[in-house]
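Visitor: The following block contains the structure, expressed as structure tokens.
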Amino acid sequence: MTQDELKQLVARAAIDYVETDTVIGVGTGSTANYFIDALADIKHRINGTVASSEASAQRLKKHGIPVLDLNSAGDISVYIDGADEADRHLRLTKGGGGALTREKIVAAASAKFVCIADSSKLVDVLGKFPLPIEVIPIARSYVARQVVKLGGNPVWRENFVTDNGNVILDVHNLTITDPRELEANLNNIAGVVTNGLFALRPADILLLGSEDGVKTLNR
Ligand code: 5RP
């Protein structure tokens, strides 16, 4: 199977975690897009969605799936989203698509977080995939210098603006042995909106699409 076929397989499996008559959180990226397409088939079963990006909101609306504002959505039963990397403790790096801040907010606001990915995303140690940090534009150079002091090599994602009007630094050369500590330390730098580590609030369930089918990892 191709990587896209594995993403589609795992996205369809996530439909089992959609609870009837609730609002669900929907992530961003190619795996989340496959989930949105599968969700269209059961859209009558849910009360609506909260999207983690403008792109996902557009795709949901195109399928006729209601998109709600988080401030008025009430409880979110489950958040379903992809990842760039996941470890066996279900700690993740996310933000390859630049939607990390809204993803982190919707994940935090959801009772359960189901991460969906093809099995190539499972790693022993996070950090090979460059870690995205969303930064207030005037703080870009300052934040980059602080990141260098932490041992990273930050690269400005040029010609990219987040849905929140900010910029992204992709941090290369990190071996993330303590993801919770690094997540907190990066968030403490003035000018950082958030970073793509999901370790303080990891996934609750990780569904991995592989040649042998869908594997389920629980925290
Ligand atoms: C977007 C994300 C995505 O979940 C992550 O980049 C994985 O994307 P894909 O499903 O396309 O492999 O965090 O900000």
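Visitor: Quick check on the stretch 86-98: of everything there that is within 14 Å of N195 (Cβ to Cβ) and open to solvent by 10 Å² or more (accessible area, probe 1.4 Å), which residue is nearest to the ligand (Cβ to nearest atom)?
Guide: G96
Visitor: Continuing with the same structure: Answer yes if at least one residue in the stretch 147-158 is in contact with a Leu (Cβ under 9 Å, 6 or more places away or on another chain), among the polar types (S, T, N, Q) and touching a residue at least 60 places away in the same chain (Cβ under 8 Å), and no otherwise.
Guide: So far as the stretch 147-158 goes, no, none of its residues is in contact with a Leu (Cβ under 9 Å, 6 or more places away or on another chain), among the polar types (S, T, N, Q) and touching a residue at least 60 places away in the same chain (Cβ under 8 Å).
Visitor: Taking into account only those residues within the stretch 1-23 that are open to solvent by less than 50 Å² (accessible area, probe 1.4 Å) and touching a helix residue (DSSP H, G or I) at 6+ places or on another chain (Cβ under 8 Å), which is farthest from the ligand (Cβ to nearest atom)?
Guide: V23
Visitor: Which of the residues that make up the stretch 35-56 are within 14 Å of the ligand (Cβ to nearest atom) and within 17 Å of E103 (Cα to Cα)?
Guide: F35, I36, A51, S52, S53, E54, A55, S56, listed by residue number.
Visitor: Sticking with this one: So which strands (runs of 3 or more DSSP E) are wholly in the stretch 127-219 and hold at least 3 residues that are open to solvent by 60 Å² or more (accessible area, probe 1.4 Å), away from the ligand (no atom under 14 Å from the Cβ) and over 25 Å from I116 (Cα atoms)?
Guide: Of the strands (runs of 3 or more DSSP E) lying wholly inside the stretch 127-219, those with at least 3 residues that are open to solvent by 60 Å² or more (accessible area, probe 1.4 Å), away from the ligand (no atom under 14 Å from the Cβ) and over 25 Å from I116 (Cα atoms) span 153-156.
Visitor: Hey, another quick one. Going by the conditions given, is R102 within 14 Å of the ligand (Cβ to nearest atom), closer than 28 Å to R180 by Cα, open to solvent by 50 Å² or more (accessible area, probe 1.4 Å) and not in a loop (DSSP other than H, G, I, E, B)?
Guide: Yes, satisfied.
The values are calculated or read from the model by the stated rules, or taken from the named source; none is laboratory data. All values derive from a computational prediction rather than experimental measurement. Because the Cβ atoms are built from the backbone with ideal geometry, glycine has one as well, and the counts that use them run over all protein chains shown. When the accessible area is computed, the model is the full protein with side chains, heavy atoms only, and any ligands, DNA or RNA have been set aside. Shrake-Rupley method; radii C 1.70, N 1.55, O 1.52, S 1.80 Å.
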